[in-house]
Every structure is written in C-alpha cells, then in structure tokens.
Amino acid sequence: MISKPPALSEVRFRSGFGNWGTQQQHASAAYVTKLFSQHLTLARDFSRGFMANRDYRNLSVASQTQVRQTEVTLALNDRPYGAEQFYGNFNSWERTKGWFAGVKQGLGKKTDLLFAYRRNTDLFVLYRDRPQVFTNRHIVETWQASLRRSDELPWNSRLHYGAEFLGDRIVSNNLGQHSRARSAVYAAYDIRALKRFSLTIGLRDEIYRNLQQQFNPSAGVGYWLTQRAKLRASASRAFRLPTYTDLYYRDPGNVGNPLLRPEHASTYEGGLDLSLSKESKLAVTMFQRREKDGIDFVRRSSADIWRATNFQALNFTGFESQFTVVVARKHRIELSYTGLNGAQTVLAGQQSKYVFNYPRHSGVATWQAAWNNGLFARTRIGAIERLGRSPYAVWDTFFSYQKGRVRPYLQLANITSTRYEELIGVRMPGRSFVGGLELVLYRPR
C-alpha cells in the first residue's frame, strides 16, 4: 500500500462546459516542505465564439519552484483567436505565444537579486481568408535584472532601494529590427510616526535612449483624524516610452510614427477613508492626471486610417468612491462609482481610438454570500457610460458549492444579453454560461 506524501498540500482539477462550444479545464498541484516547495498550474480554454471569427483557444502552463532562498518561475502560453473588427473593418486572425523564465535569489533577509527573460511571438493575419494580402510575424525578447534591498530604520521607518536594467529587441517583417535598453536606480522611504501620521517618498532616476534621463519623484502622506477617519494625499510623476507598434507598425488600417516622443504624466490625488462601523467602510477620492505628449491613434474620418500621434497636453479629472458593508457576517455588499472628465479640445475634430474612449460614468454593485453549508453566491451589476455613447449595464452571477471533494459551479455572464462595445466597432459577447465540477483530488486534513 502506497501512503500519501504528508507534504502534498493540494491537488485540484476543474472542468466546465458552456454555450458556443465553450470548454474550460484547470488543474493545480502543490508540494510543500520547510525547505522546498513546488506549485504547478495548467489551464485550457476553448470556444467557437459568439459570432463568426471570434473563436479562441487559450493554453497556459506555469511552474514555481522554491529551494531555501532560491525561487524559479517558468511559464508559457499559446493564444490563437479570431480578431473580427479588432483592428478595423477586417476579419483578422492572430496567434500569440509567450515564454517566461525568472529567478529570484535571496541574499540574506534584506536583499534580493532577480533576473527575468521573456520571449513573445506574434502571427497576425489581416484577412483570415486571404493571408497573402497582409501577414505580419514578429519576435520580441525582453531581459530584466534587478537588485533590491530593504532596511529598517529608526522612528518606525523603512528604506527600500535598488537598481534595475531592462533591455528588449524586436525582429519583424513589418516593423523591422530594433532594440533598446534602459537602466534605473530608485529609493523609497516609508515612515509611520506618532500613530497618526504616515509618509512615503520615492525617487526614480532612469536613463534610456541616447543617454536621455528621466527623474520621477513621488510622495504620499496620510493622517488619522480619529481611529475611524484617515486623510490621504499623493503626487507622482511617470513616463512611458512608445511601443514598437506605436513607432513602426503599418497595415492598411493603421500606421505608426517613428518620431513619437515619450509620454509624460503627473498624477495628484486626495481622499478620505472612513470606518463607519466594524462592518462598513467608505472611501472617497478626487484625482487629476496631466499628460504631456500623450500617445494615441487618431483619424479624421471613418474613411481614413488610424495614425499614431502625440497630444501636446491632456488633462483628466475624476472622482471615485467605494462603500463596503458586511451584513450578518455572511453577506458582503460593495458599491462603487467613478466619474471621469477629460479635455477634448486637443482632438481638433479628429476621432480617438483609445484615449477618448474612456468611461465618463461607471458604477458597480456587488453582493456575495457564503453559508455554513458550503453554498456560495456572487452577483455583480456594472453600468458604464462611455464618452459620446449611450450607457449600458452588464449583469454577471456565479454559484458554487465549496465543501467536500466534488464541488459543482455555474457562471452566468451578461445575463440580460446587453449589446455593447468597449472599443468602437468591436462587439462584445451576449448572454453566456459555463457550468462544471471542481474535484479536490487530495487535500490534507
């Protein structure tokens, strides 16, 4: 008789089926001891699609191994899918593959050394039924290395600091061959003082293309008015390099711009956190984002092609709130709202593909409950009004039984079959369902 390994944490398998020929499988296993741990996950997702040329297949595998202070992560994914209308009025098809390897080595209790490598391939066919018209193949490789440390300091404070290097290159029959590298040093000081006051100051200095430099500071402060009320405020500066697609891509519906400048942004926010009772909390926040040289694809009319460009200045102002309450210890209710307004005069009558497709108003109501007999239920209703378009609402629900070795579940999405588009021209799925079983093959008692 073979005994079960006492360190085997858990083995699970889940399989579900739904409309449009949807199939989902997920398996996971973990083996843990004091000096060694191994986690494995495998996921597969398949569907014919809710409309023509919106079929997809997803396969992902991941492994995480830890031996003392050494941690190794390996992962791969393969995702072919029909991209009807994704990139314009084309019945496109695309297949992306990714491989990832990362190593984290602890050097004592305070210092970590990390290295990661990622390889992505992309096969893009503009017309699925006529691949000879336009097909793009490219390979992107990325390297990242970093050294980071954290020290405890007097006055209940901590200093985090480190350095990192990032490099990438692309080989493409459409975008050409390009490479670039960046390096940065950073530090962050975090302090908790007098039980009422907190302060975080961060500094990041980055060098990139042709030894150009970017200095990005950030600061955050918090103050507890009472045990139940906290004021907070923060400010930060960031920048983003244009992607290779932004710079060099070209097809019959889109064209990049090799003269694009990096995108800069300054963000400011302030808010209040309230604990109304032990079971209820409220958070409100006002924020503003100011962008310089913001990157987007624009066109003058629907007959024109999308062209990458820099907006000289973009300003967005918003408000968000979240209320959470637990009722009778089993029922959790969350209500949230976000309002956002952006200056549109920079468009000068042009159409925006991404930046000005933002939701002006969005609200979400969520309820979930877990009963002692193992039943679990969650439902979510989200309502959105995007700029220049009519509002819509999407209702999702999930049920499951979470005790024992056999655990049935049912997931319902877009129950009212709302017709909506997150990106203009890209229709989203209507009503769908997936039901199945999760099997807990082994779990220590």
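Here, each number is a calculation from the coordinates, and none is a lab measurement. These figures come from a predicted structure and were not determined experimentally. Ideal geometry is used to build each Cβ from the backbone, glycine not excepted, and the neighbour counts take in all protein chains shown.
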Residue by residue through segment 209-218, the couplings from Karplus 6.51 cos²θ - 1.76 cosθ + 1.60 with θ = phi - 60°, in Hz, x for Gly and Pro, are 2, 6, 6, 6, 10, 10, 10, 10, x, 8
Using +1 at the C-beta of Lys and Arg and -1 at the C-beta of Asp and Glu, which of L126, A181, V221 has the Cα lying farthest in the positive direction of the dipole of segment 83-235? V221
Build a GNM of the chain with springs between Cα atoms under 10 Å: which of A163, A303, A219 gets the top mean-square fluctuation? A303
Could you give the size of the charge dipole of the chain about its Cα centre, using +1 on the Cβ of each K and R and -1 on the Cβ of each D and E, expressed in debye and rounded to the nearest 20? 1180
Using alpha-carbon positions, what is the distance between the centroids of segment 168-228 and segment 374-445, in Å? 35
With the cut-off at 30 Å, tell me which of the pairs K104/K403; K110/K278; K34/K110; K195/K281 have Cα atoms farther apart than that. K104/K403; K110/K278
Using Cα pairs closer than 8 Å and at least 6 residues apart in sequence, work out the relative contact order for the chain, in percent. 9
How large is ³J(HN,Hα) for each residue in segment 111-124, as worked out from phi by the Karplus curve 6.51 cos²θ - 1.76 cosθ + 1.60 (θ = phi - 60°), to whole Hz, x for Gly and Pro? 10, 10, 10, 10, 9, 9, 10, 9, 10, 10, 10, 9, 10, 10
Tell me the net charge near F13. Cut-off is 12 Å between Cβ atoms, F13 excluded, with +1 for each Lys or Arg and -1 for each Asp or Glu. +3
Which of G294, G342, G374 fluctuates most in a GNM of the chain (C-alpha springs under 10 Å)? That residue is G374
Given [x] 63, 58, 39; [y] 65, 58, 44; [z] 62, 46, 41 as possible values of Cα extents along the principal axes in Å, the one from the coordinates is [y]
Here the relative contact order (percent) of segment 51-208, from C-alpha pairs under 8 Å and at least 6 apart, is 13
What is the extension gain from Y56 to S28, computed as 0.36 nm multiplied by their sequence separation minus the C-alpha to C-alpha distance, in nm to one decimal? 7.8 nm
